[in-house]
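Participant: So that we are looking at the same thing, I have put the structure below in structure tokens.
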Amino acid sequence: MESPAGDSDLSVAAAAEVALAEQVEKLVREKEDLTNTLVRLQADFDNYRKRIEKERGQERHRGVELFVEQLLPVLDGFDRALAAHDDPAYENYRKGFELIRKQLWDVLAKQGVQRIDSVGKEFDPNVQHAIEQVMTTEHADGTVIEELQPGYMFHNRVIRPAMVRVASGRKN
């Protein structure tokens, strides 16, 4: 026969075992919660890092775009200077201007600048600014017949619309 003390030792041990099992289960749940929190924080940090990298790239891109916008009047000046002197006495200067203009344009083109092709095309208010409508029967209504100032795009975004004259079949 077992003594009553043996039963109580067994029940104390069983109670201790249950308490330990509950404590282990609680610790496992806490560990899983902490692991999940860590995974979420790592994902949040990765998303933050990617967003910051994207924003930095956009800021660099915008900085280049602003610089290009400031260079466009210089390019226009070269174009006016080249168009102004057809005198043979200026031929050497003209060649020098053409070379410098070509070098400037090549640098801009490598950065993603494109000239908007307007003359002979249908007027597009997204990339062109109509300065005047000219009544004519030589061109279809709405066709760009002259470019007064070239327009430019930077990575498929208009940074300066072309200023144009547009054909019209009706009187202004």
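We did not get these values from a lab; they are worked out from the coordinates using the rules stated. Note that the coordinates shown come from a computational prediction; the quantities given were computed from them, not determined experimentally. Here the Cβ positions follow ideal geometry from the backbone for every residue, glycine too, while neighbour counts run over all protein chains shown.
Participant: Assuming 0.36 nm per residue, please report the length gained on full extension of the stretch Arg56 to Lys95 beyond their Cα-Cα distance.
Facilitator: Values: separation 39, 0.36 × 39 = 14.04 nm, distance 4.05 nm.
Value of the extension gain: 10.0 nm.
Participant: According to a simple spin-label model (label point 7 Å from Cα along Cα-to-Cβ), what is the distance in nm between Glu138 and Glu30?
Facilitator: Result: 8.9 nm between the two label points.
Participant: Based on alpha-carbon positions alone, could you give the equivalent ellipsoid semi-axes of the chain from the gyration tensor, as √(5λ), descending, whole Å? Mind showing how you got there, number by number?
Facilitator: Numbers: eigenvalues 1284, 104, 14 Å².
Those come to 80, 23, 8 Å.
Participant: Let me ask something additional. If I fit a long axis through the Cα atoms of helix 91-110 and take the longest principal axis of the Cα atoms of the chain, what angle between them do I get, 0 to 90°, rounded to 10?
Facilitator: 20 degrees
Participant: Under a cut-off of 27 Å between alpha-carbon atoms, report the lysines in cross-link reach of Lys121, not counting same-chain residues fewer than 8 places apart.
Facilitator: Lys102, Lys110, Lys171
Participant: For the Cα atoms of the chain, what angle does the longest principal axis make with the long axis of helix 4-84, in degrees from 0 to 90, nearest 10?
Facilitator: That helix lies at roughly 10 degrees to the long axis.
Participant: Round to the nearest 0.05 the FRET efficiency obtained for Asp76 and Asn47 when R0 = 41 Å and r is the Cβ-Cβ distance.
Facilitator: Numbers: r = 44 Å, r/R0 = 1.07.
About 0.40, to the nearest 0.05.
Participant: If amide hydrogens are placed 1.01 Å from N in the peptide plane, which non-local residues have theirs closer than 5 Å to the one on Lys121?
Facilitator: Answer set, sorted by chain and number: Val144.
Participant: Ok, one more. Could I get the Rg over Rh figure for the range 76-128? Both from C-alpha atoms, Rh via Kirkwood, rounded to two places. Walk me through the numbers before you get to the answer.
Facilitator: Numbers: Rg = 14.4 Å, Rh = 13.2 Å.
The Rg/Rh ratio comes out at 1.10.
Participant: Here's another thing I want to ask about it. Counting only DSSP beta bridges with both residues in the range 115-172, what percent are antiparallel, rounded to the nearest 5? Mind dumping the intermediate values first?
Facilitator: Numbers: 9 of 16 bridges.
Of those bridges, close to 55 percent are antiparallel.
Participant: Beta carbons within 10 angstrom, averaged per residue: use that to sort the peptides 93-101, 150-158, highest first. Can you show the working numbers first?
Facilitator: Working: 93-101: 13.3, 150-158: 15.6.
Going by the mean number of other Cβ atoms within 10 Å, highest first, we get 150-158, 93-101.
Participant: Quick check on the range 115-172: what are the equivalent-ellipsoid semi-axes from the Cα gyration tensor, as sqrt(5λ), descending, whole Å?
Facilitator: After scaling each eigenvalue by five and taking roots: 22, 9, 8 Å.
Participant: Output ³J(HN,Hα) for the range 144-158: one whole-Hz value per residue in order, computed from phi by the Karplus curve 6.51 cos²θ - 1.76 cosθ + 1.60 with θ = phi - 60°, and x for Gly and Pro.
Facilitator: Using θ = phi - 60°, the values come out as 6, 9, 7, 10, 8, 8, x, x, 9, 10, 10, 6, 6, 10, 5 Hz.
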